[in-house]
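What follows is a single structure, written as structure tokens, with notes after it.
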Amino acid sequence: MNLWPWILLAAALAFATKLLGYLVPAKVLANPRMSRVAGTLTIGLLAALTVLNTAVSGHQVLADARLGALVGAAVALYLKAPFLLVVLAGAAVAAVLRLLGWS
């Protein structure tokens with residue numbers, strides 16, 4: 001199956017969507033509700049992608065060291081740790097879990 005027509009269609013749709021964004025009136029974009037919705041959608045999309053990349057490998061749902069790292073980072077975020085410590089906490093949890101054989 002030839003993939004290039006689908007790639008070109010996706011590129012055209014992405015370009016059209018971006019172009020339509022320039023046609024939205026400034027009054028709509030200045031609305032505080034629009035800013036809140038855009039921020040919420042961004043956070044939701046990032047959270048969904050993070051969980052998907054953590055728990056899925058191919059066509060299987062897995063619970064491995066990545067899931068433990070995500071939990072460790074979430075705990076650090078809950079404790080209001082700085083971002084660098086959040087990343088280090090997630091990496092440390094993943095390292096310990098892999099050392100224990102939970103890969």
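Quick notes on this one:
- Percent carbon-and-sulfur accessible area, the range 1-57, ignoring ligands, DNA and RNA, probe 1.4 Å: 77 percent
- Per-residue surface analysis assigns ARG33 an accessible area of about 150 Å², computed on protein heavy atoms at 1.4 Å probe radius.
- Angle in degrees between helix 32-55 and the longest Cα principal axis of the chain, rounded to the nearest 10: 40 degrees
- The range 57-103, relative contact order [Cα under 8 Å, separation at least 6], %: 46 percent
- Using a probe of 1.4 Å, the accessible surface attributed to LEU100 totals some 130 Å² when neighbouring protein chains are kept in position.
- In degrees, nearest ten, helix 65-78 long axis to first principal axis of the chain (Cα): 80 degrees
- The protection proxy used here, the mean number of other Cβ atoms lying within 10 Å of each residue, ranks peptides 79-89, 18-28 as follows, highest first: 79-89, 18-28.
- Identified option (computed log10 I(q)/I(0) by the Debye sum over Cα atoms at q = 0.11, 0.15 Å⁻¹; candidates (1) -0.41, -0.67; (2) -0.62, -0.87; (3) -0.68, -0.91): (2)
The values are calculated or read from the model by the stated rules, or taken from the named source; none is laboratory data. Being a predicted model, the structure only gives us computed values, none of them experimental. So basically every Cβ, Gly included, is an ideal-geometry build from the backbone, and we count neighbours across all protein chains shown. All accessible areas refer to the heavy atoms of the entire protein, side chains included, with ligands and DNA or RNA removed. Shrake-Rupley method; radii C 1.70, N 1.55, O 1.52, S 1.80 Å.
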